[in-house]
Structure formats: structure tokens, C-alpha cells
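K.L.:
Quick one: the structure is below, and I'll ask about it shortly.
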Amino acid sequence: MATLQIRGPVRLSGELTIHGAKNSTLPLMAAALLCQGPTVLHNCPKLSDVDVSVRILRGLGCRVKREGASVWIDPVPADGFEIPDTLMREMRSSIVFLGAILAKMGKAVLSFPGGCELGPRPIDLHLSALRKLGAEICEDYGCLTCTVTGRLHGAPISLTFPSVGATENILLAAATAEGLTVITNAAREPEICDLADFLNSCGAKIHGAGESTIVIQGVDSLSGCDHKVIPDRIVAATYLCAAAITGGSILLHGVEPSHLTPMIPIFEECGCILETDKDMVWLKAPRRLSRVTGIRTMPYPGFPTDAQPPVMAMLSIASGTSMFVENIFESRYKHVGELLRLGANIKVEGRVAVIEGVSRLTGASVEAPDLRGGAALVVAGLAAHGSTSVSGLRHIDRGYESIENNLIQLGADIRRVYS
Ligand code: EPZ
């Protein structure tokens, strides 16, 4: 088992280039399945979730090659329609392959994605939307068996919640469906825009991505294309938190500043100075951070739920009382118990977390409860006095490429230890 051994506090400073977005790469890899020819995705991060997606595509019969940050996908030989339970369990977001497999093969068999560390992860919005597009879906014994007679057809779909995954599955299923699909209350995240851009480059007719209403005119076929994955806005926010909590400074390259807009006011409110340029963001932290009175996680363009854990870690040593309201997931505070072991003072009541800033954190052994909670523990460990050991790295490695090497580049005293 590996752990990250961190000695702190160390003020971070330096420059980093941010890798491609995990939450864009996954649906793009599903979209490549729909094409009549090969696709190359550039700026793909080296993450375990991407590895799982490669295995899913190969399991469906695609030829997939990786060269550095580029992934070449040839879907022509694909004839499979099943995702094995093992892979569904390794990565619940494999559900995003459902729409693409169904559209391409006319059937799909996969197991119900289990809940995850963030609580039950229902897929009712995905399934009701696919049924409106003409899919017949049986849910038996934890298995989803989906079929479509002939071709999927367009339909008006109104989402009761702007679900990212459901919006992605609808785009993937509707792109080559017969006729018009209109999604109302669609998710507006940048990853939705990246997926729509990719599909339109392949010949799809999608308008309105990034807004609440998206119109998809189905086309008969899609070609492959070359596409560069957008940068990971949550990874960027995490490294900004790492610099801020240590009173340091950081220059991030390869970001899309507009994707950081919902978070920049939070860094400014706690006393950081930030500047952005075309693909860069620079942050300089104050000697001591100030509290942030109220952070409510919301669908984009609101404050992203994925940034809540690392920002909470950052504010654990701010002066004053900060408060979060987690509106997206039912239980996304599992990192709080571990932050308390580091000396943080946080109280959770349902969806509300109240952080009384402490003057210092002290090193301890902690375990990552999930992906972003693990990142929060690393952020806190960088500022904690003494040694912090972070286990549960399988979670962190799902979403952060070479986290320790990037932090060493910024001056951190951190190493991955195998026992
Ligand atoms: C995506 O998850 C991201 N994952 C999540 O990032 C992110 O937190 C989330 O969007 C919100 O931005 C990927 O893109 C792979 P949702 P997704 O469908 O699609 C409820 C990370 O750390 N819901 O927008 O699963 C659901 O229970 C991960 O990178 C239904 O009720 O998010 C949740 O409360 C974590 N029924 C809320 O909507 C459904 O059918 C948001 O879910 C679907 C969702």
C-alpha cells in the first residue's frame, strides 16, 4: 500500500501546467465510440479513471493506443455492448458510456453503478431520458439491459435537476438519433461544452451547449476527429488552495480562466491576490487567510461541489468562521473527520459545515475517503506542522496526475512511500 508522506509547513511557490480534465476525457472517450472513424484526444490526463475507460473501449472491441497525453481510438472494429461489473464497480461514471453504446449497437448491458463515497448516486434522470429517446430499459437484479428497436428518435427532455452525467448521456444518444431533441434545464458545466464541441467537430448538429436549453438535430453518422481536452478546473483550484494555505504563490499554465470564474471570488475574499491571462492564473496568498462567510455549492456557473473539500481544507486555518452549504451531494463531508485529526475545528449539521479557523494544524495519519476529500487532506498536510501521512491514494490517483511530483516542483516536502 502506498502513502504520501508530507512534512510541513512549507511555503509553496513556483509554476505548474494543469493537465486535461478527467470529467471531460471520460465522456469524450465514450463519444469516440459513436464515430465511423478514428479519433485522437490530446491533453488526456494519466489517471486511473482514464485507464478504466481505455479498458472499457477495448472490451467493446475498439482499438486504443496511448502515446503520452494523446489517446487514439478506432471504434470501427467495436461490436460489443456490455460493460463488465468489475469495470462498473471500479468507476461508477462508466454510466456515461450507456448512451453511446446504445446509439451505436442498439443494445447495452451494464450493471447498476453502485453508490459511492458521496452517497447514493441515482441514475433515474439518465434512464428516463433514454426511454424518451426510444430505449427500452430493464432494471433487474442490479443489471441494466437496454435495447432500441431500429434507431433512437429525438424527443423533448426536461431535466428536474441539471445533471452533468444525464446531460452527457442525452447528448451522446441524441447526436445520431432520428429527429430533434431539446434538453431543458441542461447542465452548463464546461465539460458539457467540450463534449458538444467534439461532437460538432465530428459532424453533429448541437446548439446551445453551456446554456440551459440545448438543441440536438440528429445526424446519420459522425466522423472521427482530433480534439484537445479542456484543462481540469478542479485540479487547478486544488493547486491554488495548496499555495494559498501555505502562504505562498503560484502561476498555473494551461488553464481556462473563464472556467475558474465561480471560484476566484472565494480566493479573493480570503485575502489572495489573483491575476489571469489567456491560459494562466497567478495567485499570491496573504500571510494569513481570512474567513469566507458563506460558500454554497451549486451547478455551474455556481461554486463547484468538487472544489468544496480542498477549499474547506484551505479555510481550516483562516482567521474567523467560514461556512459551507453542500447542495449537490448528500454526504460530501467525509473528509471532515480526517481534517479534525489534523487539528481543524469543523462542525457538520446536515448539508452545513461550519469551520472555525485555527492558528495551526498538526501532522497526523489520515485516510482519503474519496477523490476530492483526499486532495483536501494533502492540501491540509502541506500546512500542518510536522509529519502527515495520507493513505487511500487509489482515490487521489483517479483525478490527480503525479500529485506529489507537481507539489515537489512547488517546493513541498512530500514523497510517495510504498510499504
Ligand atoms: C459529475 O458527476 C462529475 N463526475 C462529478 O465529479 C461532479 O461532482 C458532478 O458532475 C457535479 O458537478 C464526472 O463528470 C465523471 P450529477 P455526476 O449527475 O454526473 C443527482 C469528481 O470528484 N442525480 O450532476 O454523477 C445526484 O445524486 C466527481 O470529479 C440524480 O438524482 O453528477 C447528485 O446529487 C465527483 N439522478 C446530483 O444529481 C440522476 O439520474 C449531481 O449529480 C443523476 C444525478
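K.L.:
Listing V164, V219 from the residue with the fewest other Cβ atoms within 10 Å to the one with the most, what is the order?
P.N.:
V219, V164
K.L.:
Please compute the Kirkwood hydrodynamic radius of the stretch 80-189 from all pairs of different C-alpha atoms, in Å with one decimal.
P.N.:
13.8 Å
K.L.:
In addition: Angle between the Cα long axis of helix 371-383 and the longest principal axis of the chain, 0 to 90 degrees, nearest 10?
P.N.:
Rounded to the nearest ten degrees, it is 20.
K.L.:
Hey, another quick one. Which ³J(HN,Hα) values in Hz, rounded to whole numbers, follow from the phi angles of the stretch 160-173 under the Karplus curve 6.51 cos²θ - 1.76 cosθ + 1.60, where θ = phi - 60° and Gly and Pro get x?
P.N.:
Taking θ as phi minus 60°, the curve returns 6, 9, x, 5, 5, x, 5, 4, 5, 5, 5, 4, 5, 7 Hz for the stretch 160-173.
K.L.:
On to the next question. So what's the Cα pair-distance distribution over the stretch 1-126, bin width 10 Å, in %?
P.N.:
Percent of Cα pairs in each bin: 12, 39, 29, 14, 6, 1.
K.L.:
Between V182 and S419, what length comes free when the chain is fully extended (0.36 nm per residue of separation minus the Cα-Cα distance, one decimal in nm)?
P.N.:
In short, 80.0 nm is gained.
K.L.:
Additional query: So for the stretch 143-241, averaging the separation of alpha carbon pairs under 8 Å that are six or more residues apart and normalising by length, what relative contact order in percent results?
P.N.:
Dividing the mean separation by the residue count of the stretch 143-241 yields 26 percent.
K.L.:
Quick check: convex hull over the Cα atoms of the stretch 6-52, volume per residue in Å³, rounded to an integer?
P.N.:
Enclosed volume per residue, from the Cα hull, is 95 Å³.
K.L.:
I need the calculated FRET efficiency for the pair E356 and M1, taking r as the beta carbon distance and R₀ as 41 Å, to the nearest 0.05.
P.N.:
0.80
K.L.:
Further question on the same structure: Return an integer: the convex hull volume of the alpha-carbon atoms of the stretch 97-255, in Å³ per residue.
P.N.:
Spread over its residues, the Cα hull of the stretch 97-255 gives 126 Å³ apiece.
K.L.:
How big is the equivalent ellipsoid of the stretch 236-297 along its three axes, where each semi-axis is √(5λ) from the Cα gyration tensor, reported in whole Å from largest to smallest?
P.N.:
Taking √(5λ) for each eigenvalue gives 18, 14, 9 Å, largest first.
K.L.:
Sticking to Cα atoms, compute the Rg of the stretch 119-161 to one decimal and its Dmax as the biggest Cα-Cα distance, whole number, in Å.
P.N.:
Considering the stretch 119-161 through its Cα atoms, Rg and Dmax are 11.5, 37 Å.
K.L.:
When the Karplus curve 6.51 cos²θ - 1.76 cosθ + 1.60 is applied with θ = phi - 60°, which whole-Hz ³J(HN,Hα) does each residue of the stretch 352-368 get, with x for Gly and Pro?
P.N.:
Once rounded to whole Hz, the list reads 9, 10, 10, 10, 8, x, 9, 6, 7, 9, 10, x, 6, 8, 9, 10, 5.
K.L.:
Still on this structure, I have one more. Can you run phi through the Karplus equation (6.51, -1.76, 1.60; θ = phi - 60°) for the stretch 194-211 and list ³J(HN,Hα) in whole Hz, with x for Gly and Pro?
P.N.:
Calculated HN-Hα couplings, in order: 5, 5, 5, 4, 4, 4, 5, 5, 8, x, 6, 10, 10, 10, x, 4, x, 10 Hz.
K.L.:
Turning to a different aspect of this structure: Starting from 0 in steps of 10 Å, tell me what percent of the Cα-Cα pairs of the stretch 263-412 lands in each bin.
P.N.:
Once binned at 10 Å, the Cα pair distances of the stretch 263-412 give 11, 41, 40, 8, 0.
K.L.:
Further question: Largest first and in whole Å, what are the equivalent-ellipsoid semi-axes of the stretch 186-284 based on the Cα gyration tensor, each being the root of 5 times an eigenvalue?
P.N.:
34, 14, 9
K.L.:
Please give me the summed charge of the neighbours of M312: other residues whose Cβ is under 15 Å from its Cβ, Lys and Arg +1, Asp and Glu -1.
P.N.:
Computed value for this residue: +1.
K.L.:
Relative to the present Cα-Cα distance, how much length would full extension add between N345 and Q409 at 0.36 nm per residue of separation?
P.N.:
20.0 nm
K.L.:
Now a separate question. With 10 angstrom as the radius, rank V379, V54, V354 by how many other C-beta atoms surround their C-beta, starting from the fewest.
P.N.:
Sorted ascending by nearby Cβ count, the order is V354, V54, V379.
K.L.:
Mind pulling up the Rg/Rh value for the stretch 182-228? Radius of gyration and Kirkwood radius, both on Cα.
P.N.:
A ratio of 0.97.
K.L.:
Quick one: which of K22/K104; K65/K132; K132/K205; K205/K284 span more than 31 angstrom between C-alpha atoms?
P.N.:
Violating the 31 Å Cα-Cα cut-off are K65/K132; K205/K284.
K.L.:
Over the chain, what relative contact order in percent results from Cα pairs under 8 Å that are six or more residues apart?
P.N.:
Relative contact order comes out at 21 percent.
K.L.:
What is the pair-distance distribution P(r) of the chain, computed from all Cα-Cα distances in 20 Å bins starting at 0, with each bin given as a whole percent?
P.N.:
Each 20 Å bin holds this share of Cα pairs: 28, 55, 17, 0.
K.L.:
While we're looking at this one, here's another question. Between T293 and T86, what length comes free when the chain is fully extended (0.36 nm per residue of separation minus the Cα-Cα distance, one decimal in nm)?
P.N.:
Additional length available on full extension: 70.2 nm.
K.L.:
What is the Rg over Rh value, at two decimals, for the stretch 133-204, using alpha-carbon atoms and the Kirkwood definition of Rh?
P.N.:
0.99
K.L.:
As a footprinting exposure proxy, order C193, C44 by other Cβ within 10 Å, with the fewest listed first.
P.N.:
With the fewest neighbours first, C193, C44 line up as C193, C44.
K.L.:
May I ask you to list the chymotrypsin sites (Phe, Trp or Tyr not before Pro) in the stretch 220-294 that are in a DSSP loop and have at most 13 other Cβ atoms within 10 Å of their Cβ?
P.N.:
The qualifying sites: there are none.
K.L.:
Viscosity 0.692 mPa s, temperature 37 °C: give me the Stokes-Einstein translational D for the stretch 27-87 in µm²/s, with Rh taken as the Kirkwood radius over C-alpha pairs.
P.N.:
Answer from the Stokes-Einstein relation: 285 µm²/s.
K.L.:
What is the Rg over Rh value, at two decimals, for the stretch 303-376, using alpha-carbon atoms and the Kirkwood definition of Rh?
P.N.:
Radius of gyration relative to Kirkwood radius: 0.92.
Every number here is computed from the coordinates shown, using simple stated rules; none is lab data. Note that the structure is predicted; figures quoted are calculated from it, not measured. Cβ: placed from backbone, ideal geometry, glycine included. Neighbour counts: every protein chain shown.
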